[in-house]
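Below you'll find the structure, written out as structure tokens, and then a few comments.
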Amino acid sequence: MIGLRGLLPDLDSSWAVFADRILAPTLDSAAVAVARDKLLAVARRRREEPDELVRYLADSAAFDGDAYGLPVEGTERSLAALASAALRRYHETQMVTSRMLLVVVGNVPRATLERLVAGTLARLPRGTYQWTVPA
């Protein structure tokens, strides 16, 4: 999930930055390492803070054996494996419009939104992803 919150007068400039991060992320190795370390610290806290551990265990038990049982924040193992090259491959193969859902909440004129999307996100490849109801 990627999000943007802002005010209507700043929408054009905010959208430009938002779309640039989606269309052309730098995924610099040093920056990825910093982000990975922050995410790992959060994952470790799940074991150390009682409330976080209970939430994690409840989700794990409620959805045992189901994809919903996997923590969306990642596991220590999955987060430790994050690397710039893998993120670039993911971006190249998965950042396609068939996998995207754009939700806009607020008083944004449709014509403004269509103009912003047409000049940015619409340039991404369509892809072949087809959503299906989880079994």
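Annotations for the structure displayed:
- If the condition is being in contact with a helix residue (DSSP H, G or I) (Cβ under 6 Å, 6 or more places away or on another chain) and aromatic (Phe, Trp, Tyr), then the range 95-135 contributes only 129.
- Residues that are assigned to a helix (DSSP H, G or I), open to solvent by 60 Å² or more (accessible area, probe 1.4 Å) and either touching a helix residue (DSSP H, G or I) at 6+ places or on another chain (Cβ under 8 Å) or within 21 Å of residue 35 (Cα to Cα) (or both) within the range 81-94 comprise 88, 89, 90, 92, listed in sequence order.
- Residues being closer than 9 Å to residue 43 by Cβ and among the β-branched types (Val, Ile, Thr) - total across the range 59-80: 1
- Inclusion of residue 119 among residues that are farther than 27 Å from residue 32 by Cα and surrounded by 10 or more Cβ atoms within 10 Å (Cβ to Cβ) is warranted.
- Of all residues in the range 90-106 being of a type in the set (Val, Ile, Thr) and within 24 Å of residue 8 (Cα to Cα), the one that is farthest from the chain's Cα centre (by Cα): 105
- Unmet requirement for residue 122, which otherwise passes all of (1) touching a residue at least 40 places away in the same chain (Cβ under 8 Å); (2) under 17 Å from residue 24 (Cα atoms): (1)
- Selection from the range 8-59 of residues that are in contact (Cβ under 8 Å) with a residue 24 or more places away in the chain and not in a helix (DSSP H, G or I): 25, 27, 28
The values are calculated or read from the model by the stated rules, or taken from the named source; none is laboratory data. Small disclaimer: the values here were computed from a predicted structure and weren't measured. Here the Cβ is made from the backbone with ideal geometry for all residues, glycine too, and neighbour counts use every protein chain on show. Areas reflect the complete protein model, heavy atoms only, side chains present, ligands, DNA and RNA absent. Shrake-Rupley method; radii C 1.70, N 1.55, O 1.52, S 1.80 Å.
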